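Undergrad: Structure in structure tokens, see below.
The values are calculated or read from the model by the stated rules, or taken from the named source; none is laboratory data. A quick note: this is a predicted structure, and the numbers were derived from the prediction, not measured. Cβ placement follows ideal geometry from the backbone for every residue including glycine, while neighbour counts extend to all protein chains displayed.
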Ligand SMILES: Cc1cc2nc3c(=O)[nH]c(=O)nc-3n(C[C@H](O)[C@H](O)[C@H](O)COP(=O)(O)O)c2cc1C
């Protein structure tokens, strides 16, 4: 999620779940090819398994970026066909590609030709007046013909004119039935559902119908939810770290990052939701928000925030 799931957020989330697949923010092909690559693609080995999400639609550029991403050590490459913002539409990136399935298929084929790791697509169920199940299914079938067998579907369409990206995550109704039907029709495809999923119970119900669940906002704003997923959904013992242990581990990481020149606020802002739905959440958030951005703030701020709770 742009502006949220940076490397610090991912390091933190990985302290909570060992197995949940994490994703980078979207990185455009232009940025990978012409920007500060070492900064853009930087991650800590502890974050793995980690998918990089690319934004673009030029098959040759996507092929080159995929090669670069595989070399950098990412676990999966995901193509963004879901972002509705004006800025990306003008670059033919994101949800506007829902009506260009042939171009998406060519892009995926080019990406796959360059790498061994999985190449996946994250898409919507439609855009604008493309809103029937048949049109959505036709998009998936065309892209699947390129060899892509894994789709993450945000189960609402996007209106490309008139709604902001935020409204496009809230206003168009969720149609989970489209995603269930897609899985029924194509049992060989790996179908991951996304959009508005907030609890373990909801996750469990979706998993009766599809192969995977992606949590966006809830995973970020209520991260401790992920503490349950390793043993519930991956059949593995969980890390079973208490919130206190997570804070201790993360503080060590924060210490290293501060020593290399990062500011505490950039690191600690991702911790705000750690106590969501539990006692002391407001005091924790209030303290961190008030102190982490101050000039020279150190890791003691995180520990002091914890003391506000007990
Ligand atoms: C602030 C923000 C930034 C996002 N950035 C991206 C992004 O870079 N790539 C992407 O595929 N989706 C992005 N999304 C969409 C989410 O991945 C997800 O599809 C959407 O929020 C619906 O799922 P949720 O209800 O679980 O949050 C973003 C969402 C938010 C709230």
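Undergrad: From 40, 62, grab the single residue that is crowded, with 23+ Cβ neighbours inside 10 Å and either within 19 Å of the chain's Cα centre (by Cα) or assigned by TED's automatic domain parsing to the domain that holds residue 169 (or both).
TA: Result of the check over 40, 62: 62.
Undergrad: Okay, next question. Do the conditions hold for residue 35, that is, is it within 13 Å of the ligand (Cβ to nearest atom) and in the same structural domain as residue 120 (by TED's automatic domain parsing)?
TA: no
Undergrad: Same structure, new question: Within segment 152-163, which residues are touching a helix residue (DSSP H, G or I) at 6+ places or on another chain (Cβ under 9 Å) and within 12 Å of the ligand (Cβ to nearest atom)?
TA: Result: 153, 154, 155, 156, 158.
Undergrad: If we keep just the residues of segment 72-87 that are more than 9 Å from the ligand (Cβ to nearest atom), on the phi < 0 side of the Ramachandran plot and at pLDDT 95 or above, which is surrounded by the most Cβ atoms within 10 Å (Cβ to Cβ)?
TA: By that ranking, first place goes to 79.
Undergrad: Now, a different point. Going through 149, 145 one at a time, which residue ends up being away from the ligand (no atom under 16 Å from the Cβ), closer than 29 Å to residue 46 by Cβ and surrounded by fewer than 18 Cβ atoms within 10 Å (Cβ to Cβ)?
TA: On inspection, the qualifying residue turns out to be 149.
Undergrad: Additional query: Could you list, in sequence order, all residues of segment 92-108 that are away from the ligand (no atom under 14 Å from the Cβ) and in a loop (DSSP other than H, G, I, E, B)?
TA: Correct list: 92, 100.
Undergrad: Moving to a separate point now. For residue 229, work out the one condition from (1) more than 18 Å from the chain's Cα centre (by Cα); (2) crowded, with 19+ Cβ neighbours inside 10 Å it doesn't fulfil.
TA: (1)
This table checks each residue for (1) closer than 30 Å to residue 81 by Cβ; (2) free of Cβ contacts under 8 Å to residues at least 40 places away in the same chain; (3) away from the ligand (no atom under 16 Å from the Cβ).
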site: 197; (1), (2), (3): yes, yes, no
site: 202; (1), (2), (3): yes, yes, no
site: 206; (1), (2), (3): yes, yes, no
site: 214; (1), (2), (3): yes, no, no
site: 236; (1), (2), (3): no, no, yes
site: 242; (1), (2), (3): no, yes, yes
site: 246; (1), (2), (3): no, no, yes
site: 274; (1), (2), (3): no, no, yes
site: 282; (1), (2), (3): no, yes, yes
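Undergrad: Would you check which residues across segment 161-172 are within 21 Å of the chain's Cα centre (by Cα) and either within 14 Å of residue 141 (Cβ to Cβ) or not in a helix (DSSP H, G or I) (or both) and list them?
TA: Within segment 161-172, 164, 165, 166, 170, 171, 172 meet the criteria.
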